[in-house]
Amino acid sequence: MPDYSRFTRRRFLATAGATAASSVLLKGCMGNPLSDTATQQSPAAAPAANVAAGDTPEVTTVKLGFIPIVESAPLIIAKEKGFFAKYGLTGAEVSKQANWASARDNVVNGSEAGGIDGGQWQMPMPHLITEGLITNGRKIPMYVLAQLNTHGNGIAISGKNAGKGLGLKINDPDYIKAYEKTQGRKFKAAHTFPNVNQDFWIRYWFAASGIDPDKDIDLLAVPPAETVQGMKTGTMDAFSTGDPWPYRIVADDIGFMAALTEQIWKFHPEEYLALRADWVDKHPKATKAILKAVMEAQQWCDKPENRPELISIVSGRNYFNVPVNVLTPPYEGKYRLGDGKPEVNDFKAGPLYWKDDLGSVSYPYKSHDLWFLTETMRWGFHDGAIKDIDTAKKLLDKVNREDLWREAAKEAGIASADIPTSTSRGVEKFFDGVTFDPDKPEAYLASLKIKRT
Ligand code: CA
């Protein structure tokens, strides 16, 4: 896999090409001397001016993995806008991962063995890696440090199933349940990695309409390109996916969006920044420098006036490698859903990184870790290894480091109004009227009709 973080200015100029998208990207990158500083300074460089005495990071380098989807924008922006360098991490690298399994394998290796120290994760991957549940029993303790974003994901349906009332609520669940009789095979749905966000969103959506995702349909992990090809040829029916796919699926007439995750659970937790615990324990100051840089990037990303520059940077071939026009609508909160559904046009319906109507996006609420682990129990994942709420709470207390987020926020001078004082965001509400009270996760489980436990 190429290491895009070593993309130098020279190579950049050589490969930028002549498209309008690349020209904008070029302007965005070249206009920022700090991003060049970040790649060219040696690790022995003098500490940055913004680093207070005593806060100098133990190291100037860290290697963070990312997947080329909107969730990773704060990491890319922290690098490209020079926020990592500003806090002394002059050699911070962001490294494109081929897929979630590669990211997992690379964090098991760690950067010293050619892997990564951490980066972007679907949930609860850091908890599962900590427990060895998706790493063949190899336990690599990890710490969750911040949430990267909310929104930006959704449920796409192939055009073959248009006109059948597949929306936020599925009007006729029997249409899907009868698929084996009418089509000779079960309704087939895909996500990109099992037992994490995308799998949870589509399971929640099916189950809310009375469809059992383990019995009534086939639900499996498939690479995105293969899924989209299957949607075109009629062998794949649904895709739990994230921006920029929703735009492409509708724009290219491959299908339509049944629902956006912002409609399923407004301001839901999405993907997170997490690092290997051994790296954090060894480098507490560098960890806080990472957090400060990411927080500054998140604030930058949420300013509407910065979105065109954000798009020009992340659309580049070293990052998402998609045209600017594909990323612009979601970043403006504009979604064409297709299949006769009204269009969404609300900045806050798109990806948000720093703040939303419920408070902090960046803060890693333990109550959200608890939902992911409760949902893990709901579906009986990992042979029931998370056997009860007590086990879940012990695990998240070990993995969630909201304490470091708070310390970093205070040191960075974040307004106290933007630093949550509670570890819980409170009662969460889903589109179907179900609520999750973090103080009573058992009541949530009891209220669900379709579940394994
Ligand atoms: Ca996602």
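The values are calculated or read from the model by the stated rules, or taken from the named source; none is laboratory data. Here the structure is a predicted model, which means the values were calculated and not measured. Note that each Cβ is placed from the backbone with ideal geometry, even for glycine, and that neighbours are counted across all protein chains shown. Each accessible area value is taken on the protein alone, full model and side chains, heavy atoms only, with ligands, DNA and RNA left out. Shrake-Rupley method; radii C 1.70, N 1.55, O 1.52, S 1.80 Å.
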Only one of Asp55, Asp117 is more than 16 Å from the ligand (Cβ to nearest atom), assigned by TED's automatic domain parsing to the domain that holds Glu411 and at pLDDT below 95, namely Asp55
When every residue in region 133-151 that is in a loop (DSSP other than H, G, I, E, B) and either without any contact (Cβ under 8 Å) to a residue 40 or more places away in the chain or aromatic (Phe, Trp, Tyr) (or both) is compared, the one farthest from the ligand (Cβ to nearest atom) is Gly137
Restricted to region 140-167 and to residues being hydroxyl-bearing (Ser, Thr, Tyr) and within 23 Å of the chain's Cα centre (by Cα), the residue least open to solvent (accessible area, probe 1.4 Å) is Thr150
TODO: Return a yes/no flag: does region 72-85 have any residue that is within 20 Å of the chain's Cα centre (by Cα), among the hydrophobic types (A, V, I, L, M, F, W, C), within 24 Å of Thr192 (Cα to Cα) and open to solvent by 20 Å² or more (accessible area, probe 1.4 Å).
DONE: no
Cβ pairs under 6 Å, 6+ apart or interchain, first in region 356-380 and closer than 18 Å to Thr435 by Cα, second open to solvent by 10 Å² or more (accessible area, probe 1.4 Å) and among the polar types (S, T, N, Q), ordered by first then second residue, are Lys366/Thr423; Ser367/Ser424; Met377/Thr453
For Thr233, the lone unmet condition from (1) crowded, with 18+ Cβ neighbours inside 10 Å; (2) β-branched (Val, Ile, Thr); (3) closer than 30 Å to Asp339 by Cα is (1)
Residues of region 92-103 being surrounded by 21 or more Cβ atoms within 10 Å (Cβ to Cβ) and either in contact with a Lys or Arg (Cβ under 7 Å, 6 or more places away or on another chain) or not hydrophobic (A, V, I, L, M, F, W, C) (or both), in sequence order, are Ala92, Glu93, Val94, Ser95, Lys96, Gln97
Taking region 242-265 and keeping residues within 16 Å of the ligand (Cβ to nearest atom), farther than 17 Å from Ala73 by Cβ and either without any contact (Cβ under 8 Å) to a residue 24 or more places away in the chain or not hydrophobic (A, V, I, L, M, F, W, C) (or both) leaves Arg248, Gln263
Checked Val314, Val322 against criteria (open to solvent by 10 Å² or more (accessible area, probe 1.4 Å), within 16 Å of the ligand (Cβ to nearest atom) and touching a residue at least 60 places away in the same chain (Cβ under 8 Å)); the one match is Val322
Result of the Cβ filter at 7 Å on region 152-174, keeping first residues that are under 18 Å from Asp199 (Cα atoms) and partners that are assigned to a loop (DSSP other than H, G, I, E, B) and within 16 Å of the ligand (Cβ to nearest atom), at least 6 apart or interchain, is Gly152/Asp243; Gly152/Glu270; Gly152/Gly350; Gly152/Pro351; Asn153/Glu270
Those residues of region 261-276 which are open to solvent by 30 Å² or more (accessible area, probe 1.4 Å) and assigned to a helix (DSSP H, G or I) amount to Gln263
Determine whether region 277-292 contains at least one residue that is surrounded by fewer than 23 Cβ atoms within 10 Å (Cβ to Cβ) and among the aliphatic types (A, V, I, L, M).
yes
Out of curiosity, is Val108 of a type in the set (A, V, I, L, M, F, W, C), open to solvent by 10 Å² or more (accessible area, probe 1.4 Å) and assigned by TED's automatic domain parsing to the domain that holds Val59? yes
Reported set for region 406-436 where residues are hydrophobic (A, V, I, L, M, F, W, C) and touching a residue at least 40 places away in the same chain (Cβ under 8 Å) is Ala408, Ala409, Ala412, Ile414, Ile419, Phe430, Phe431, Val434, Phe436
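Each row is one residue, and each column tells you yes or no for (1) β-branched (Val, Ile, Thr); (2) at pLDDT below 95; (3) not in a loop (DSSP other than H, G, I, E, B).
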| position | (1), (2), (3) |
| --- | --- |
| Thr328 | yes, no, yes |
| Tyr363 | no, no, no |
| Asp369 | no, no, yes |
| Phe372 | no, no, yes |
| His382 | no, no, yes |
_Residue check for Leu395: closer than 23 Å to Pro194 by Cβ, assigned to a helix (DSSP H, G or I) and either free of Cβ contacts under 8 Å to residues at least 12 places away in the same chain or of a type in the set (A, V, I, L, M, F, W, C) (or both)_ = yes
- Query: When you look at Tyr204, is it surrounded by 23 or more Cβ atoms within 10 Å (Cβ to Cβ) and in the same structural domain as Ile67 (by TED's automatic domain parsing), yes or no?
  - Reply: no
Here the residues within region 426-451 that are touching a strand residue (DSSP E or B) at 6+ places or on another chain (Cβ under 7 Å) and either under 20 Å from Asp357 (Cα atoms) or not assigned by TED's automatic domain parsing to the domain that holds Pro364 (or both) are Val427, Glu428, Lys429, Thr435, Phe436
